[in-house]
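Just below is one structure, and these are the notes that go with it.
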Amino acid sequence: MILVKLGGSVITDKSQYQALHEEVLVRLCKEISDSGKDVVVVHGAGSFGHIVAHDNRLADGFKYESQINALATVSRDVRQLNLMVIDAMISAGISPVSLPPSACVVMRDKEIVEIDFDRIRSYLEMGISPVMFGDVALDELQGFSICSGDQIMEALARELVPERVIFVSDVDGIMDREPSEPGAKLVDCIGPSDLDNMSFHVRVKDVTGGIKKKLSAMMKMAGPDGACMIINGRVPGRLEAALRGDEVVGTKVELD
Ligand code: IP8
C-alpha cells in the first residue's frame, strides 16, 4: 500500500475561497488508477478550510462563541471538497470510502490521540481506498482542534507502514532558497540537519504551520531507504511514475 497526500495547494487555489483545480484533481486520480497500486489517500483542505479556520482562530481551540459557527462552516466546506475528491476517484475507476476526521479522530492539545486504524485496515482488505482529509476534530483539552492532513499522514505512516509515502504538491520539491531568487536549485534529498540552514517563506494563510513543520513531520515518516517524497502534481505523469517506483523529479526526505 502507498500513502498519498494530495496537497491543498495542488487541488485548490489556496488564495481564493473554495476554488478547486478540477482538471488537476481529475488527472491525479487517473494517474493513481493507472498505476494499479493500492492507496490510502489523504487530502489537504486548501482554500476550503484554511481561510475560514485562520480568520476564526480555530487552531487555538474554543475561545469565543462565534467560532462554533465557523467550525461548522469549515467542516461543511472540507466535506464538499472531499466529495469532489471521492467523485473524481470513482470516475477514474478507484473505489474510495471517506473517513472524515471530525467523526473518527480524537485529539488532545492539538495532537492526534485516536484514529480507528482497524476500520482503515478492513476497508483496505476489501480493495477499498480509505480517504481522509484535513478537517476539524474534537480536542480533549481545548474543545476542538484543526486536524491537518499531515498529522493524519504521520499517524497512518506509523501504524500502517506503507511501501512508500508521496506528498503531491504544486512545486517540484524543496528549493535551496526562495524559488524566485536567481540560482535557486531543487534539493534532491533533505535530512534533519538541513532544516535550520534553509529559509522558508509562507505565502498564503496556512493554519497548520507551513513547510518547515511539514518537513519535520515527513522526516518521521521516511523509511531507511528514503521512501518519502515530495513531487509536483502539476506536471502530468509524475504521480504515476512515483507510484510505480520510477525515478522522478522531486525531493526525497530522509529519516529523522
Ligand atoms: O490542509 C488543514 O489541513 P491541511 C485543515 O492538510 C483545515 O493542512 C480545516 C484547515
Each residue of region 44-57 in order: what ³J(HN,Hα) in whole Hz does its phi give by Karplus 6.51 cos²θ - 1.76 cosθ + 1.60, θ = phi - 60°, with x for Gly and Pro? x, 8, x, 7, 8, x, 5, 5, 5, 4, 5, 5, 10, 6
Toward the positive end of the charge dipole of region 80-146, about the Cα centre and with charges on Cβ (Lys, Arg +1; Asp, Glu -1), which of Asn82, Gly134, Gly93 goes farthest? Gly93
Cα-centred dipole magnitude for region 129-200, charges only on beta-carbon of K, R (+1) and D, E (-1), debye, nearest 20: 140
Name the residues whose placed amide hydrogens come within less than 5 Å of the amide hydrogen of Val136, ignoring near sequence neighbours (fewer than 5 apart) on the same chain. Ser102, Cys147
Taking amide H positions as placed 1.01 Å from N in the peptide plane, with prolines and chain starts having none, which residues 5 or more places from Arg177, or on another chain, fall under 5 Å of its amide H? Lys185
Give a residue-ordered list of calculated ³J(HN,Hα) values for region 27-37 (Karplus: 6.51 cos²θ - 1.76 cosθ + 1.60, θ = phi - 60°; whole Hz; x for Gly, Pro). 5, 4, 5, 5, 5, 4, 4, 5, 6, x, 8
A 28 angstrom limit on the alpha carbon distance is what I want to check against. Which of Lys5/Lys110; Lys110/Lys185; Lys63/Lys252 exceed it? Lys110/Lys185; Lys63/Lys252
5 Å is the cut-off here: which amide hydrogens, built 1.01 Å from N in the peptide plane, fall below it relative to Ser129, excluding neighbours closer than 5 in sequence? Ser95, Val97
Mean residue ellipticity (222 nm) of the chain, computed from DSSP H runs ≥ 4 via -39,500 (n - 2.57), nearest 500: -11000 deg cm²/dmol
Taking the Cα centre of the chain as origin and charging only Cβ (+1 Lys, Arg; -1 Asp, Glu), how large is the dipole, in debye to the nearest 20? 320
List the aspartates and glutamates whose alpha-carbon lies under 19 Å from that of Lys30, not counting same-chain residues fewer than 8 positions away? Glu22, Asp38, Asp87, Asp170, Glu240, Asp246
Phi to ³J(HN,Hα) by Karplus 6.51 cos²θ - 1.76 cosθ + 1.60 over region 7-20, Hz, x for Gly, Pro: x, x, 6, 9, 8, 9, 8, 5, 8, 10, 3, 6, 9, 8
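Only the coordinates and a few stated rules stand behind these numbers; no lab work does. If you're wondering where the values come from, they're calculated on a predicted model, not measured in any experiment. No Cβ is skipped: glycine too gets one built from the backbone with ideal geometry, and neighbour counts run over all protein chains shown.
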